[in-house]
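Novice: One structure follows; several queries about it will come next.
The values are calculated or read from the model by the stated rules, or taken from the named source; none is laboratory data. Note that this is a predicted model, so its numbers are computed, not measured. Note: ideal-geometry Cβ built from the backbone for every residue, glycine included; neighbour counts use all protein chains shown.
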Amino acid sequence: MKLSLNSSTALVLSLGLLSTPAFADLEAAKAFLDGEIGDLSTLSRAEQEAEMQFFVDAAKPYVGMDIKVVSETIATHQYESEVLAPAFEAITGIKVTHDLIGEGDVVEKLQTQMQSGENIYDAYINDSDLIGTHWRYKQVRNLTDWMAGDGKDVTLPTLDVDDFIGTSFTTGPDGKLYQLPTQQFANLYWFRYDWFNDEKNKADFKAAFGYDLGVPVNWSAYEDIAEFFTGRDLSHLDVEGEVFGNMDYGKKDPSLGWRYTDAWMSMAGMGDSGEPNGLPVDEWGIRVNENSQPTGSCVARGGATNSPAAVYAVTKAIDWLEKYSPPAAAGMTFSEAGPIPAQGNVAQQMFWYTAFTAATVEPGLPVMNEDGTPKWRMAPSPHGVYWKEGQKIGYQDAGSWTLMESTPVDRAQAAWLYAQFVVSKTVDLKKSDVGLTFIRESTIDSQHFTDRADKLGGLVEFYRSPARVQWSPTGTNVPDYPKLAQLWWQNIGDAMSGAKTPQEALDQLCADQEKVLSRLERAGVQGALGPKLNDEMSAEHWLSQPGAPYAKLENEDEAPKTIAYDELIKSWQ
């Protein structure tokens, strides 16, 4: 996703904010507030200047220091790197190199720093999916103790941690905060609101399937809608070219693993109920005991990674990819597939990341109206036949500031100042306006986003709704995200390519996960928090117990159900 930073970058250049000042200066801060922030802040001008004064004063011991931070490449982080980092340098005298690399590369760098103790970066924007890793290995500074100790004098008095909507994702079972969110986005259902409200389409769908065309509540309805739109002639709506009822991706690539660990399995109903993640069995199919120690992944140890619900989830994804998606989708990665719905020939997508919102509301796209409102909407993703009330129903990415223990204290302090600058209330409304990846309640509730809501396809309504708590990142059941995540795309890729059946691929996946869990148990590197595998028992034993894993249903095709989008929105308000 490419962000145009033309005006912002030009402004920073014109203000001379790319040159290193001889000393930190509030005048540079005022120039930044005048030119870049303007009215786009939830704080008054006096409150903004007070925050800037804190950064000027707190940065004095670090003036002239060069620090390095890293994040994945999305629009929000491009804005931080290309606009906010040079502004911070001008205001504080601390030079920040904010590298933008692939998500997998971020994890690799962090893993290398964990293993070697070498300080590669002074701070990482690292997905909260690693919370289980960080909590167990104790190689990142827990921010609760940091802000009361070594980081106390460089912690913004108005940081207001309670204003962040994602701290439950970055808090360990010990109640300590390990990471601070700087961007969040959810995976939601995306659909062509204009096509669904077309009278001919509604009448034809009702005649074919016997119920109303609307937002699918379950996978059976999603499948019917996918079948209905695939190959449909929409020339009466001036739609040219072939139309598809589903969009997805299937290339054997690390992003294929995210497709499944990022809640596809929980949407199918594989895990247990619980917020923010299922307990004792989560959306990776990993079971933990009462001490949060992982005890298994395969059904034979009480896990669910190769359970009937997991097989159902993978089978449906492959079936829909083959029948209802553009032929090229099977060879695409996450980033390649994301922009496709905006090209105008896709009716719906079950699993669409709201990080693509900014690129999907650009004027002139086939999915945009001339008045700047979108022809599409987003809504909660439908759930599979194994899903039950109280279960997680979607994934929410929370890219979060992470300070490693191996980073020298003074460098961590300087990096912490930068981290707080880019999430400060002064900056957050403007940053959210650019990237649309909300982290603060005050920003979501602002008048600015009330005014902009009708241009964003339901994004604001979703983030203001009570429903958003059902979307969460990977939780603490996963003891070593870097080691386990790579197993998913390799094994799921075998199922997607047809090299193995879904059952065979998932049997291998859970066995591979248990090999890692067993090695961690033997090594004892995570102490009393590490895995403690259950003895293997018959599948029948575990499938007959309450909760996940669930026994195979005789009929995996439930009665389809839809809801009118406008009624859904009313239920949120």
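Novice: Which pairs turn up if I take residues in segment 396-422 that are in a loop (DSSP other than H, G, I, E, B) and look for partners that are basic (Lys, Arg) with beta carbon separation below 9 Å, at least 6 apart in sequence or on another chain?
Specialist: LEU403/ARG141; GLU405/LYS138; GLU405/ARG141; THR407/ARG141
Novice: Moving to a separate point now. Output yes when any residue across segment 449-462 is outside the structural domain of GLY278 (by TED's automatic domain parsing), touching a strand residue (DSSP E or B) at 6+ places or on another chain (Cβ under 7 Å) and among the β-branched types (Val, Ile, Thr), and no when none is.
Specialist: There is no residue in segment 449-462 that is outside the structural domain of GLY278 (by TED's automatic domain parsing), touching a strand residue (DSSP E or B) at 6+ places or on another chain (Cβ under 7 Å) and among the β-branched types (Val, Ile, Thr).
Novice: Look at ALA559 and say whether it is in a loop (DSSP other than H, G, I, E, B) and surrounded by 15 or more Cβ atoms within 10 Å (Cβ to Cβ).
Specialist: Taking the combined requirement at face value, the residue does not satisfy it.
Novice: In segment 276-285, which residue that is assigned to a loop (DSSP other than H, G, I, E, B) and at negative phi is modelled with the lowest pLDDT?
Specialist: Out of the qualifying residues, it is PRO276.
Here is a yes/no grid of residues against (1) modelled with pLDDT of 95 or more; (2) basic (Lys, Arg):
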| position | (1), (2) |
| --- | --- |
| PHE244 | yes, no |
| PRO254 | no, no |
| SER297 | yes, no |
| ARG301 | yes, yes |
| ALA309 | yes, no |
| LYS316 | yes, yes |
| ASP319 | yes, no |
| PRO327 | yes, no |
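Novice: Exactly one condition in (1) closer than 24 Å to LEU436 by Cα; (2) assigned to a helix (DSSP H, G or I) is false for PHE55; which is it?
Specialist: (1)
Novice: Right, something else. Of all residues in segment 524-544, how many are surrounded by 12 or more Cβ atoms within 10 Å (Cβ to Cβ) and assigned to a loop (DSSP other than H, G, I, E, B)?
Specialist: 9
Residues checked against (1) crowded, with 23+ Cβ neighbours inside 10 Å; (2) not charged (D, E, K, R):
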{"residue": "THR315", "(1), (2)": "no, yes"}
{"residue": "ASP319", "(1), (2)": "no, no"}
{"residue": "PHE334", "(1), (2)": "no, yes"}
{"residue": "TRP376", "(1), (2)": "yes, yes"}
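Novice: Yes or no: segment 268-275 includes at least one residue that is assigned to a helix (DSSP H, G or I), at pLDDT 95 or above and either in the same structural domain as PRO339 (by TED's automatic domain parsing) or buried (at least 21 other Cβ atoms within 10 Å of the Cβ) (or both).
Specialist: Within segment 268-275, one or more residues are assigned to a helix (DSSP H, G or I), at pLDDT 95 or above and either in the same structural domain as PRO339 (by TED's automatic domain parsing) or buried (at least 21 other Cβ atoms within 10 Å of the Cβ) (or both).
Novice: Within segment 365-373, does at least one residue satisfy the condition of being at pLDDT 95 or above, closer than 30 Å to ASP57 by Cα and not small (Gly, Ala, Ser)?
Specialist: Scanning segment 365-373, I find no residue that is at pLDDT 95 or above, closer than 30 Å to ASP57 by Cα and not small (Gly, Ala, Ser), so the answer is no.
Novice: Sticking with this one: Can you spot a residue in segment 210-223 that is buried (at least 17 other Cβ atoms within 10 Å of the Cβ), within 19 Å of the chain's Cα centre (by Cα) and in contact (Cβ under 8 Å) with a residue 12 or more places away in the chain?
Specialist: Within segment 210-223, not a single residue is buried (at least 17 other Cβ atoms within 10 Å of the Cβ), within 19 Å of the chain's Cα centre (by Cα) and in contact (Cβ under 8 Å) with a residue 12 or more places away in the chain.
Novice: For segment 469-513: of the residues being of a type in the set (Ser, Thr, Tyr) and not in a helix (DSSP H, G or I), which is nearest to ALA317 (Cα to Cα)?
Specialist: Ranking the candidates gives THR501 first.
Novice: Next question. Could you tell me whether ASP319 is free of Cβ contacts under 8 Å to residues at least 60 places away in the same chain, assigned by TED's automatic domain parsing to the domain that holds ASP238 and assigned to a helix (DSSP H, G or I)?
Specialist: Spelling it out, ASP319 is indeed free of Cβ contacts under 8 Å to residues at least 60 places away in the same chain, assigned by TED's automatic domain parsing to the domain that holds ASP238 and assigned to a helix (DSSP H, G or I).
Novice: Looking at segment 29-75 only, could you name the residues that are among the β-branched types (Val, Ile, Thr) and closer than 19 Å to LYS109 by Cβ?
Specialist: ILE67, VAL69, VAL70, THR73, ILE74
Novice: Related question: Restricting attention to segment 135-178, report how many residues are in a helix (DSSP H, G or I) and among the hydrophobic types (A, V, I, L, M, F, W, C).
Specialist: Residues that pass the stated criteria total 8.
Novice: Any residue that is charged (D, E, K, R) and in a loop (DSSP other than H, G, I, E, B) - is there at least one of those in segment 333-353?
Specialist: no
Novice: Looking at (1) within 18 Å of TRP572 (Cβ to Cβ); (2) without any contact (Cβ under 8 Å) to a residue 40 or more places away in the chain; (3) of a type in the set (Lys, Arg), can you tell me which one LYS483 breaks?
Specialist: (1)
Novice: Specify the residue that is farthest from PRO380 (Cα to Cα); the eligible residues are those in segment 179-228 that are assigned to a loop (DSSP other than H, G, I, E, B) and of a type in the set (A, V, I, L, M).
Specialist: LEU213
Novice: Something else about it: One residue is enough: does segment 6-16 have a residue meeting the conditions modelled with pLDDT of 95 or more, more than 30 Å from GLY257 (Cα to Cα) and not in a helix (DSSP H, G or I)?
Specialist: Checked segment 6-16: no residue is modelled with pLDDT of 95 or more, more than 30 Å from GLY257 (Cα to Cα) and not in a helix (DSSP H, G or I).
Novice: Please state which one of TYR189, TYR193, TYR178, TYR137 is surrounded by 16 or more Cβ atoms within 10 Å (Cβ to Cβ) and within 19 Å of SER71 (Cβ to Cβ).
Specialist: The conditions single out TYR178.
Novice: So GLY390 fits all but one of (1) under 20 Å from MET270 (Cβ atoms); (2) in contact (Cβ under 8 Å) with a residue 24 or more places away in the chain; (3) surrounded by 20 or more Cβ atoms within 10 Å (Cβ to Cβ); (4) not basic (Lys, Arg); what number is the exception?
Specialist: (3)
Novice: Being assigned by TED's automatic domain parsing to the domain that holds ASN534 and under 19 Å from the mean Cα position of the chain (by Cα) narrows it down to one residue among ALA358, ALA300, ALA329; which is it?
Specialist: ALA358
Novice: I would also like to ask the following. Which condition number in (1) acidic (Asp, Glu); (2) within 22 Å of ASN201 (Cβ to Cβ); (3) touching a strand residue (DSSP E or B) at 6+ places or on another chain (Cβ under 6 Å) is the one that GLU227 fails?
Specialist: Looking at each condition in turn, GLU227 falls short on (3).
Novice: Does at least one position in segment 165-180 carry a residue that is within 27 Å of VAL460 (Cα to Cα) and acidic (Asp, Glu)?
Specialist: no
Novice: Now a separate question. Which one is surrounded by the fewest Cβ atoms within 10 Å (Cβ to Cβ) among residues in segment 229-260 that are assigned to a helix (DSSP H, G or I) and in contact (Cβ under 8 Å) with a residue 60 or more places away in the chain?
Specialist: PRO254
Novice: Test of understanding: among ASP480, ASP512, which residue is at pLDDT 95 or above, in contact with a Ser or Thr (Cβ under 9 Å, 6 or more places away or on another chain), surrounded by fewer than 21 Cβ atoms within 10 Å (Cβ to Cβ) and of a type in the set (Asp, Glu)?
Specialist: ASP512
Novice: In the set LEU403, LEU436, which member is among the aliphatic types (A, V, I, L, M), surrounded by 23 or more Cβ atoms within 10 Å (Cβ to Cβ) and at positive phi?
Specialist: Just a single option satisfies the conditions, and that option is LEU436.
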